[in-house]
Amino acid sequence: MSVDKEPSMLKQKEMIAKHFDHLAVATEQGKKVVYTFVPGNLTELLLAFDVLPVYPEINALQSAMRKRSGDFISEAERIGHSEDVCTYVKCDIGMKRKGNIGPTGQPLPKPDLLLLSYTGCFTFLKWFELLREEYDCPVVLLQTPYQADGKVTPEMRDYMVDQLKKEVIPALEKLTGITYDEDRLRGLLALSARAEDDMVHVLESAKHRPSPIDAYFGGVYYIGPMFTAFRGTQGAVDYYATLRAEVDGRVARGEGPITPDGPMGEEKYRLVVEGPPNWTNFREFWQMFSDEGAVVVASTYTKVGGVYDFGFRHDPRDPLGTLADYCMGCYTNRSLPQRVSMLSSYVKDYQADGVLVNSVKSCNSFSAGQLVMLREVEKQTGIAGGFIETDLVDARYFSAANVKNRIESYLQMLQQKRTGGAVKEATL
Ligand code: SF4
């Protein structure tokens, strides 16, 4: 069934297509290209130097959605990468080895610089070590202190700002020949903050009943421009204003989310989801929930490239300090107790019936501690948790029948609990 696309969807598609068009001709036009990662990205700073960012995880997940990741992963395993390596990495390495044709079918330019703003995942370091070998280009590391004690201290912040001043900005100046212009950065950050306000409004609209959005499956589209090349642009401001108006319209009409198969039916279950989605079978995965009337009202994955719903906004008054705060605040840079408290507050604030972990085989950064976290959230909120396992971009680890069975059993348990029937003790 084909579903009419809303203006925001068309706009996003156009923005992404244009970005890949620019990347395809970047080398011949003499544009500088920086590869960097989504969590803790410094997009505004890159834009202040007129460089084009590339996000390898986004290429990997988009390749998976287009069913191309399997070949890339095989290629990476053929050249020696173990089955246990994060599949985003293998997908990216395999794509490079097979000609570096990006998800849109256009060639991707080689990086002039690898900017590693390390946030909570050791794999990022190893990933760029591999890319440095492939491309023979410099790496700049912005080391982001982990929030091990659940807070950001002034020393951590100073350390970050110092690195921005002494390492990152000089590297970008050297690369581009452009002098750092703080006022220009302030202007870009002001645009970010405007878009962030609207994005939070959209994510928080899920507090309505019925929720007008799915904050996980739909949510990954809503965070797309913010988490990638468009933060700090007028395009992002316009996109989020359009999206906000559409979502407000759905609230006013009492409508639920739009799924790839059309408007969702009656909202029967409200869930909080922890962990990234599976991308190889994304549509099928979503349908397993929407067919059952289960809508995700809040998710942690939509905070991986920035936690905005607890008040953080990029602040143009303190350009480098705000970039430091942003990097340190990303979800995977937070301690496990902080993550538990986020999940528990989502259950309460969004009046969720259940909390479900999608544990992906690839990602240690997300998966470590998830079962313990789930037990703790159950204790704090009194609701029963569920647990499923899939993978990011490796279809070999998506067992559709098994996942569907587990989701259905979990929802039945929630239903039994609601109607006062017998509840299984163990988490599914
Ligand atoms: S391990 Fe997880 S956070 Fe790290 S690169 Fe892979 S998917 Fe990203």
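The values are calculated or read from the model by the stated rules, or taken from the named source; none is laboratory data. Note that the structure is a prediction, hence the values are computed from the model and not measured. Cβ: placed from backbone, ideal geometry, glycine included. Neighbour counts: every protein chain shown. Accessible surface is based on the protein model in full, side chains and every heavy atom, while ligands, DNA and RNA are left aside. Shrake-Rupley method; radii C 1.70, N 1.55, O 1.52, S 1.80 Å.
Simple spin-label model, 7 Å along Cα-to-Cβ: I101 to R66 in nm?
0.9 nm
So what is the accessible area of the chain per residue, in Å², with the probe set to 1.4 Å?
Ligands and nucleic acids excluded, the figure is 40 Å² per residue.
Which percent, nearest 5, of DSSP beta bridges in the chain are antiparallel?
Around 10 percent antiparallel, to the nearest 5.
Once you place label points 7 Å from the Cα toward the Cβ at Q415 and K348, how far apart are they in nm?
The modelled label-to-label distance comes out at 3.0 nm.
What are the ³J(HN,Hα) couplings of segment 389-405, residue after residue, when phi is run through the Karplus curve with 6.51, -1.76, 1.60 and θ = phi - 60°? Round to Hz, x for glycine and proline.
Taking θ as phi minus 60°, the curve returns 10, 9, 9, 6, 10, 10, 5, 5, 9, 10, 9, 4, 4, 5, 5, 4, 4 Hz for segment 389-405.
May I ask you to give the percent of accessible area on segment 202-264 that is carbon plus sulfur, with a probe radius of 1.4 Å? Write down the numbers at each step before the final one.
Working: 1080 of 1960 Å².
Answer for segment 202-264: carbon and sulfur cover 55 percent of the accessible area.
Provide the gained length on full extension for the span Q380 to L125, in nm with one decimal, where the gain is 0.36 nm per separating residue minus the Cα-Cα distance.
So the chain would gain 88.3 nm between Q380 and L125.
Can you tell me the length gained on complete extension of the stretch R209 to E6, counting 0.36 nm per residue apart and subtracting the Cα distance?
Additional length available on full extension: 70.9 nm.
On a 0 to 90° scale, report how tilted helix 370-381 is relative to the longest principal axis of the chain, with both axes built from alpha carbons and the result rounded to the nearest 10.
So the inclination is approximately 50 degrees.
With springs connecting C-alpha atoms under 10 Å apart, model the chain as a Gaussian network and identify which of P257, P154, P138 has the largest mean-square fluctuation.
Looking only at P257, P154, P138, the biggest GNM fluctuation is shown by P154.
Explain nothing, just compute: Karplus ³J(HN,Hα) = 6.51 cos²θ - 1.76 cosθ + 1.60, θ = phi - 60°, for every residue of segment 288-298 in order, whole Hz, x for Gly and Pro.
After applying 6.51 cos²θ - 1.76 cosθ + 1.60, I find 4, 8, 5, 4, 8, x, 9, 10, 8, 9, 7 Hz.
Note the full-extension length gain between A241 and K268 as 0.36 nm times their separation in residues minus their Cα-Cα distance, in nm to one decimal.
6.8 nm
Taking amide H positions as placed in the peptide plane 1.01 Å from N, state which residues far from V33 in sequence (5 or more) or on other chains have amide H under 5 Å from it.
L52, D112, L113
So what J values fall out for segment 143-160 if you push phi through Karplus, 6.51 cos²θ - 1.76 cosθ + 1.60 with θ = phi - 60°, rounded to Hz, Gly and Pro as x?
So the Karplus estimates, Gly and Pro as x, are 7, 9, x, 6, 7, 4, 9, x, 8, 9, 8, x, 5, 4, 5, 4, 4, 5 Hz.
Tilt of helix 87-97 relative to the longest C-alpha principal axis of the chain, in degrees (0 to 90, nearest 10)?
40 degrees
Take E134 and Q234, extend 7 Å from each Cα along the Cα→Cβ direction, and tell me the distance between the two endpoints in nm.
3.5 nm
Quick one: which residues, 5+ away or cross-chain, put their amide H under 5 Å from the amide H of L356? H built at 1.01 Å from N.
When sequence neighbours closer than 5 places are left aside, the close amide H contacts are V272, V273, E274, G386.
Probe radius 1.4 Å, ligands and nucleic acids ignored: give me the carbon and sulfur share of the accessible area of segment 1-148 as a rounded percent.
It is 51 percent, rounded to a whole number.
Between their Cα atoms, which of K303/K361; K96/K126; K268/K361; K98/K126; K174/K303 are more than 22 Å away from each other?
Over 22 Å Cα-Cα: K268/K361; K174/K303.
Run the accessible area of segment 341-428 with a 1.4 Å probe and give the carbon-and-sulfur part as a rounded percent.
Within segment 341-428, the accessible surface is 51 percent carbon and sulfur.
Determine the dipole magnitude for the chain: charges of +1 sit on the beta-carbon of Lys and Arg, -1 on that of Asp and Glu, nothing else is charged, the reference point is the Cα centre, and the result goes in debye to the nearest 20.
440 debye
Once the Cα atoms of helix 336-349 and of the chain are each reduced to a long axis, what angle between those two axes, in degrees from 0 to 90 to the nearest 10, is obtained?
So the helix axis and the longest Cα principal axis differ by about 50 degrees.
Measure out, as a whole number of angstrom, how far apart the alpha-carbon centroids of segment 266-286 and segment 169-238 sit.
23 Å
For K110, list the aspartates and glutamates whose Cα falls under 18 Å from its own Cα; do not include residues on the same chain fewer than 8 positions away.
Candidates past the 8-residue exclusion: D21, E28, D50, E57, D92, E129, E133, E134, D136.
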